[in-house]
Amino acid sequence: AEKFDKRAVLAWMVAGHRLYREHGLKPPEAARMAKASYRSDSDPLAEFFDTWVEAQEGGFVERVELWSAYCQWADRVQLPHKERLSRQRVTRLAGAESRGLVAGRGVDGARGWHGIRIRTGL
């Protein structure tokens, strides 16, 4: 059996823990891509947001406007009615933290999200 220095092992463990605390785990690129793909596949609004919504500094989209755009998108892509989301679910998923939108009120007090707009000419 090999002999080892317990202090050296402890120092190695502490150094490893320090690196982990400073930098976290660095998953391989394939794992990061698989995670992003899974999130996109499991997000029922991903395709809608990718094609109909864009970032715009100073932009604001009211909840009702987003719902209307979602319905138009669903019609255009011929999304079966049983797969369409309710207005409440669209509102909840649009405001998901992972999407990074800032909820708030417009100048007229209507609720919605700052920093985005519905694309035109679709």
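Which members of the range 15-54 meet the condition of being within 19 Å of Ser86 (Cα to Cα) and surrounded by 13 or more Cβ atoms within 10 Å (Cβ to Cβ)?
Asp43, Pro44, Leu45, Ala46, Glu47, Phe48, Phe49, Trp52, Val53
On the given criteria, is Met33 of a type in the set (A, V, I, L, M, F, W, C), outside the structural domain of Arg105 (by TED's automatic domain parsing) and under 20 Å from the mean Cα position of the chain (by Cα)?
So Met33 fits the description; yes.
Being exposed (fewer than 14 other Cβ atoms within 10 Å of the Cβ) and either aromatic (Phe, Trp, Tyr) or at pLDDT below 90 (or both) is the filter here; which residues of the range 93-122 pass it?
Of everything in the range 93-122, those that are exposed (fewer than 14 other Cβ atoms within 10 Å of the Cβ) and either aromatic (Phe, Trp, Tyr) or at pLDDT below 90 (or both) turn out to be Ala96, Glu97, Ser98, Gly100, Val102, Val107, Thr120, Gly121, Leu122.
Counting just the residues of the range 55-73 that are of a type in the set (Gly, Ala, Ser) and at pLDDT 95 or above, which one comes out surrounded by the most Cβ atoms within 10 Å (Cβ to Cβ)?
Top of the filtered list is Ala69.
The values are calculated or read from the model by the stated rules, or taken from the named source; none is laboratory data. A quick note: this is a predicted structure, and the numbers were derived from the prediction, not measured. Glycine also receives a Cβ, built like all others from the backbone with ideal geometry; neighbour counts cover every protein chain displayed.
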